[in-house]
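> Have a look at this one.
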Amino acid sequence: MKWLNKTIMAVAALCVMAPWNQAGAVSGTTDMTINFPEIVYLHYVPYLELTFTGSDEVFKENDAKDKQSLADKVEFDAQMQPSDLGVGGKTINLAVVVHNVWAVRGITKNGEIRVVPKLDEKKGVDTNGGQSAAYMDKLEVVYGSNRGDVIDVPAPGLGYKNAVKGDIAFNLDIEKVTRAGAHKGFKYTITATPTP
């Protein structure tokens, strides 16, 4: 048994002194590339209801004079002509802007997202018989000072807190509006794509 212990100690001593037992540290560095696809998220309002408020107004026009012969039945004419005061006077086209109705976020190759509006239905008819109508045209999208029927906005990444928010602008023709109340039928579409 003594010889076995001596043998084990001799082998252990050789292992400690053997140069092939001394391992060095080695390392390697890897260059890595990660490819992301183009991704565009569009946020939009699926139903939009706009309500105008207003009040009745009185407009004082010119004084009038008329002469007629004295008779049993007499008709005078003040010949009053309505002036162009008030809404719908000089113009029946209202320039309307609706803020914060769409937003985009995403990642694109050139760092921009293209936003395009399309007017699907421009006529809105009152819900009480359809005789009163309003018309929408010249729909544009707006982001800051950037405005048009096609605009490019910065791609802010995928974080929702960084989403780029925008507006719409349009003309509203109210010449044929004769009834108060809801006028339904307007419809528009916003499309967002990576800017080519």
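The values are calculated or read from the model by the stated rules, or taken from the named source; none is laboratory data. The model shown is predicted, which means the values in this text are computed figures rather than measured ones. Cβ placement follows ideal geometry from the backbone for every residue including glycine, while neighbour counts extend to all protein chains displayed.
> Show the residue pairs meeting these rules: Cβ distance below 8 Å; 6+ apart or different chains; first residue within segment 72-88 and on the phi < 0 side of the Ramachandran plot; second residue assigned to a loop (DSSP other than H, G, I, E, B) and of a type in the set (Gly, Ala, Ser).
Ala78/Ala64; Met80/Ala64; Ser83/Gly89; Val87/Gly54
> Return the total of residues in segment 120-158 being buried (at least 16 other Cβ atoms within 10 Å of the Cβ), part of a strand (DSSP E or B) and under 17 Å from the mean Cα position of the chain (by Cα).
Here the count works out to 8.
> Further, regarding this structure: Can you tell me how many residues in segment 159-196 are assigned to a loop (DSSP other than H, G, I, E, B) and free of Cβ contacts under 8 Å to residues at least 12 places away in the same chain? So that I can check it myself, show each step before the final result.
Within segment 159-196, the subset assigned to a loop (DSSP other than H, G, I, E, B) is 159, 163, 174-182, 185-186, 195-196.
So of that shortlist, the ones also free of Cβ contacts under 8 Å to residues at least 12 places away in the same chain come out as 180.
Total meeting the criteria: 1.
> Just checking, does segment 24-43 include any residue being closer than 30 Å to Lys187 by Cβ, part of a loop (DSSP other than H, G, I, E, B) and modelled with pLDDT under 95? Working first, answer last.
Going through segment 24-43, the residues closer than 30 Å to Lys187 by Cβ turn out to be 38-43.
Adding the requirement that they be part of a loop (DSSP other than H, G, I, E, B) leaves 38.
Within this subset, residues satisfying the condition of being modelled with pLDDT under 95 are none.
Within segment 24-43 (the criterion being closer than 30 Å to Lys187 by Cβ, part of a loop (DSSP other than H, G, I, E, B) and modelled with pLDDT under 95), the answer is no, since none of the residues qualifies.
> Looking at (1) assigned to a loop (DSSP other than H, G, I, E, B); (2) in contact (Cβ under 8 Å) with a residue 60 or more places away in the chain; (3) under 25 Å from Phe52 (Cβ atoms); (4) not β-branched (Val, Ile, Thr), can you tell me which one Lys109 breaks?
Result: Lys109 fails condition (3) only.
Rundown of residues vs (1) surrounded by fewer than 16 Cβ atoms within 10 Å (Cβ to Cβ); (2) in a loop (DSSP other than H, G, I, E, B), yes/no style:
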site: Gln79; (1), (2): yes, yes
site: Gly89; (1), (2): yes, yes
site: Val96; (1), (2): yes, no
site: Ala103; (1), (2): no, no
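> In contact with a Ser or Thr (Cβ under 8 Å, 6 or more places away or on another chain), in contact (Cβ under 8 Å) with a residue 12 or more places away in the chain and of a type outside the set (Lys, Arg): which single residue out of Ala155, Ala103, Ala95, Ala134 fits that description?
Working: Ala103 fails: in contact with a Ser or Thr (Cβ under 8 Å, 6 or more places away or on another chain); Ala95 fails: in contact with a Ser or Thr (Cβ under 8 Å, 6 or more places away or on another chain); Ala134 fails: in contact with a Ser or Thr (Cβ under 8 Å, 6 or more places away or on another chain).
Only one candidate passes the filter, namely Ala155.
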